[in-house]
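K.L.:
Below are the structure tokens for one structure; questions will follow.
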Amino acid sequence: MSYEKAPKEPRKRARIIRWAVLAVVLVAITVIGYLHQTAVTGKPAGVDALCPFGGLETAFSLITSGYLLKRVALSGVILLVAVVAVAIVFRRSFCGQICPLGFIQEMFGGLGRRVFRRRLELPAWLDRPARYLKYVVLVVFIYLTWTAADLVIRPYDPWVAYMHLTSAEVFAEFGIGLGVLAAAVVGSFVYDRFFCKYLCPMGATLGLLSKFSIFKVRRTESTCIDCKACDAACPVNLKVSEVETVESPECINCNECVNACPVKDTLAVSTSKGKRLSALATTGAVVAIFAIVVGAATVTGDFQWKAASLADEIKSGQGLGEGTGASDAPMTGDFDVSLIKGRTTLAEVSEATGIPASLFEQVLGVPTSEQGTPMKDIKDAYGFSPEDVRTIVELYRTDPAAAEAYVPLGEAGE
Ligand code: SF4
Ligand code: SF4
């Protein structure tokens with residue numbers, strides 16, 4: 001069969017650039033996660049400040065009360081804005097062109113393809129209903145999060161577990177999330193993009209939005225030679241060769257099908273009016289949207305790149321009881337002790353609550369010179385736990401003498 005061939009070089013370049021963007025995001029976020037766990041000073045922000053799903057989780061609280069949920073920073077909301085803006089124009093491009101967990105799955109999917117010599121699929125009777133699971137995950141966790149006003153999904157979130165891989169807390173606090181991460185990796189080795197297809201609530205949200213997207217993958221039937229190279233290339237197993245427009249919410253806009261199509265101008269990213277964009281230009285536009293939104297928020301100081309101190313969290317309203325306002329004054333009375341975590345330093349607790357450093361030295365035995373170190377790194381050496389510190393703060397509110405007489409329980413108090 002004779003047909004006009006699509007040039008190979010631009011297709012290869014588009015694939016390399018997409019993988020390069022995904023790799024850069026994965027490496028950058030991995031370094032940020034590592035430094036967040038290990039750096040003593042100048043810590044970068046943690047996963048909760050850098051995840052667009054956090055923006056969705058906090059949306060209800062933000063709209064109804066004007067407060068962000070504990071741990072979520074405004075940058076999570078800003079990333080959600082970028083992700084939604086991208087979805088309105090380019091479908092689930094966040095999943096296919098930016099998401100680091102998606103890239104990890106795709107890498108293992110690629111390995112699996114080499115081993116099995118083809119892309120495996122779950123049988124249709126199981127695959128179809130299983131794809132709805134992610135919508136159930138979305139509805140359940142958003143409902144629980146909004147009613148409990150807490151990040152209920154956190155212990156089960158594979159990405160939170162990934163970002164805590166170098167933390168001592170990973171098994172204790174994120175064991176289930178670690179299991180889900182392992183399932184995503186092993187699952188993707190066998191069935192590419194396993195977590196994206198069956199479990200990811202962010203993917204479910206963007207899939208719903210993508211129905212309204214401007215650009216979609218479209219096939220020109222008159223020139224299609226029915227080679228099915230597009231079907232074989234699709235990581236989410238869509239039958240591109242059987243439709244004129246890929247309308248499925250499963251499409252992650254990776255454009256692997258477009259780059260696999262050997263026939264010139266047969267498969268393309270285009271609008272319903274026929275305005276086409278190359279796969280490479282699509283990746284460029286997606287990166288540009290993210291860069292503009294995040295860059296603008298960085299310039300205005302609304303994007304949180306550095307980890308918030310305890311005092312920052314209190315001032316932003318996250319640690320306050322209902323009806324209280326933010327202020328610079330010590331606020332032991334209003335202070336929500338659940339903000340005290342293993343990553344918190346005793347110096348931050350002193351600053352936020354007004355409790356003198358000498359009291360922590362006296363009760364916990366921690367010299368002031370070590371009170372600037374995260375508690376998780378010194379608690380075993382001094383035999384106390386963050387729960388002891390929370391109790392001391394509670395006691396100090398009503399009876400400072402009782403706080404001074406407190407005997408730490410250590411791990412037993414957790
Ligand atoms: S249909 Fe094409 S763009 Fe969509 S997920 Fe499959 S390969 Fe990627
Ligand atoms: S890759 Fe898909 S769209 Fe392109 S010619 Fe083959 S079957 Fe048709």
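K.L.:
I'm trying to understand the selection: among the residues of the stretch 346-373, which are within 20 Å of residue 39 (Cβ to Cβ) and surrounded by fewer than 20 Cβ atoms within 10 Å (Cβ to Cβ)?
P.N.:
Of everything in the stretch 346-373, those that are within 20 Å of residue 39 (Cβ to Cβ) and surrounded by fewer than 20 Cβ atoms within 10 Å (Cβ to Cβ) turn out to be 347, 351, 369, 370, 371, 372, 373.
K.L.:
For the stretch 206-230: of the residues being in a loop (DSSP other than H, G, I, E, B) and closer than 13 Å to residue 85 by Cα, which is nearest to ligand 2 (Cβ to nearest atom)?
P.N.:
Taking the stretch 206-230 and keeping what is in a loop (DSSP other than H, G, I, E, B), we get 211-215, 220-228.
From what is left, the residues that are closer than 13 Å to residue 85 by Cα are 212-215.
Working: 212: 24, 213: 20, 214: 21, 215: 17 Å.
This residue is 215.
K.L.:
Could I ask something else about it? Picking from 228, 239, which residue would you name as being at pLDDT 95 or above, within 10 Å of ligand 1 (Cβ to nearest atom) and among the charged types (D, E, K, R)?
P.N.:
None of the other options fit; the residue is 239.
K.L.:
Identify the residue in the stretch 78-97 that is β-branched (Val, Ile, Thr) and crowded, with 24+ Cβ neighbours inside 10 Å and, among all such residues, is nearest to the chain's Cα centre (by Cα).
P.N.:
The initial filter retains those residues of the stretch 78-97 that are β-branched (Val, Ile, Thr), namely 78, 81, 83-84, 86, 88-89.
Next cut, crowded, with 24+ Cβ neighbours inside 10 Å only: 83, 86.
On the way: 83: 11, 86: 16 Å.
Taking the candidates together, the pick is 83.
K.L.:
Shifting gears a bit: Given the stretch 88-151, what helices (runs of 4 or more DSSP H) lie entirely inside it while holding 2 or more residues that are charged (D, E, K, R)?
P.N.:
On the way: elements: 100-116, 124-131, 133-148.
Fully inside the stretch 88-151 and qualifying: 100-116, 124-131.
K.L.:
Looking only at residues that are within 13 Å of ligand 1 (Cβ to nearest atom) and small (Gly, Ala, Ser) in the stretch 67-103, which one is nearest to residue 160 (Cα to Cα)?
P.N.:
For the stretch 67-103, the residue satisfying everything is 102.
K.L.:
Check off (1) more than 16 Å from ligand 2 (Cβ to nearest atom); (2) modelled with pLDDT of 95 or more for residue 343 and give me the number that stays unchecked.
P.N.:
(2)
K.L.:
Quick check on my filter: what residues within the stretch 403-412 are hydrophobic (A, V, I, L, M, F, W, C) and either touching a residue at least 60 places away in the same chain (Cβ under 8 Å) or over 16 Å from residue 354 (Cα atoms) (or both)?
P.N.:
Those that are hydrophobic (A, V, I, L, M, F, W, C) and either touching a residue at least 60 places away in the same chain (Cβ under 8 Å) or over 16 Å from residue 354 (Cα atoms) (or both): 405, 407, 409, 412.
K.L.:
Given the condition closer than 21 Å to residue 168 by Cα and at pLDDT 85 or above, answer yes or no: does some residue in the stretch 397-407 qualify?
P.N.:
Pass one, the stretch 397-407, residues closer than 21 Å to residue 168 by Cα: none.
No: the stretch 397-407 contains no residue that is closer than 21 Å to residue 168 by Cα and at pLDDT 85 or above.
K.L.:
Give the stretch 242-277 a look and list any residue that's surrounded by fewer than 16 Cβ atoms within 10 Å (Cβ to Cβ), near ligand 1 (Cβ under 10 Å from one of its atoms) and not in a loop (DSSP other than H, G, I, E, B), or say none.
P.N.:
Scanning the stretch 242-277 gives no hits.
K.L.:
Residue under question is residue 34, and the condition is that it be part of a loop (DSSP other than H, G, I, E, B) and among the aromatic types (Phe, Trp, Tyr); does it hold? Before the answer, list the steps.
P.N.:
On the way: part of a loop (DSSP other than H, G, I, E, B): no; among the aromatic types (Phe, Trp, Tyr): yes.
Considered against the rule, which asks whether it is part of a loop (DSSP other than H, G, I, E, B) and among the aromatic types (Phe, Trp, Tyr), residue 34 comes out as no.
K.L.:
Same structure again: Looking at 161, 124, 172, can you tell me which residue is farther than 23 Å from residue 228 by Cα and either out of contact with any Gly (no Cβ under 6 Å at 6 or more places or on another chain) or exposed (fewer than 14 other Cβ atoms within 10 Å of the Cβ) (or both)?
P.N.:
Exactly one residue qualifies, and that residue is 172.
K.L.:
Right, something else. Output the residue which, of all residues in the stretch 47-69 that are part of a loop (DSSP other than H, G, I, E, B) and at pLDDT 85 or above, is farthest from the chain's Cα centre (by Cα). Spell out the reasoning first.
P.N.:
First, the residues of the stretch 47-69 that are part of a loop (DSSP other than H, G, I, E, B): 50-51, 66-69.
With at pLDDT 85 or above added as a condition, the list becomes 50-51.
Numbers: 50: 6, 51: 4 Å.
The residue in question is 50.
K.L.:
Restrict the check to the stretch 55-73 and report whether at least one residue is under 27 Å from residue 270 (Cα atoms), in contact (Cβ under 8 Å) with a residue 60 or more places away in the chain and either buried (at least 23 other Cβ atoms within 10 Å of the Cβ) or out of contact with any strand residue (DSSP E or B) (no Cβ under 8 Å at 6 or more places or on another chain) (or both). Walk me through it before giving the result.
P.N.:
Filtering the stretch 55-73 down to residues under 27 Å from residue 270 (Cα atoms) leaves none.
For the stretch 55-73, residues under 27 Å from residue 270 (Cα atoms), in contact (Cβ under 8 Å) with a residue 60 or more places away in the chain and either buried (at least 23 other Cβ atoms within 10 Å of the Cβ) or out of contact with any strand residue (DSSP E or B) (no Cβ under 8 Å at 6 or more places or on another chain) (or both): absent.
K.L.:
Can you tell me which residues in the stretch 249-289 are touching a Pro at 6+ places or on another chain (Cβ under 8 Å) and away from ligand 2 (no atom under 16 Å from the Cβ)?
P.N.:
Across the stretch 249-289, the qualifying residues are 252, 280.
The values are calculated or read from the model by the stated rules, or taken from the named source; none is laboratory data. What you see is a predicted model; the values in this text were computed from it and never measured. Every residue, glycine among them, receives a Cβ derived from its backbone with ideal geometry; neighbour counts consider all protein chains shown.
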